[in-house]
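For reference, the structure is listed below as structure tokens.
The values are calculated or read from the model by the stated rules, or taken from the named source; none is laboratory data. No experiment lies behind these values; they were computed from the predicted model shown. Reconstructed Cβ throughout: ideal geometry from the backbone, glycine too, with neighbour counts over all protein chains shown. The area values use the complete protein model at the heavy-atom level, side chains included, leaving out ligands, DNA and RNA. Shrake-Rupley method; radii C 1.70, N 1.55, O 1.52, S 1.80 Å.
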Amino acid sequence: MKELFRSNDPVRMSRALGLLEDEGIPAFPMDQHMSVLEGSLGILPQRLMVADRDEFMARAILRDAGLDE
């Protein structure tokens, strides 16, 4: 699996997941529930992961939508 980006912004994460899902690219958000360990402060970023084979297309989709870093 490859990491596309890390973010503390739940809106950005949701938008990226939706775009990738619409294009048929399975994506997996990691570290969603780490807020339990940090006290719900939102300081630990979530990671958005895709399969190695989908990385190129996923990055292109996010770049076109202005969600790349």
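Principal-axis analysis of the Cα atoms of the chain puts helix 10-22 at an angle of about 30° to the longest axis. For the chain, the Kirkwood estimate of hydrodynamic radius, built from reciprocal distances between every pair of different alpha carbons, is 12.2 Å.
How tilted is helix 55-64 with respect to the longest principal axis of the chain? Cα atoms for both, answer in degrees (0 to 90, nearest 10). Result, in degrees: 80.
Overall, the accessible surface of the chain at a probe of 1.4 angstrom is composed of carbon and sulfur to the extent of 53 percent.
The modelled label-to-label distance for the pair residue 12/residue 56, using points 7 Å beyond Cα in the direction of Cβ, is 2.6 nm. When the Gaussian network model of the chain links Cα atoms closer than 10 Å, the mean-square fluctuations of 16, 51, 27 top out at 51. Put a plus charge on the Cβ of each Lys and Arg, a minus charge on the Cβ of each Asp and Glu, and nothing anywhere else: the dipole of the chain about its Cα centre is then about 100 debye.
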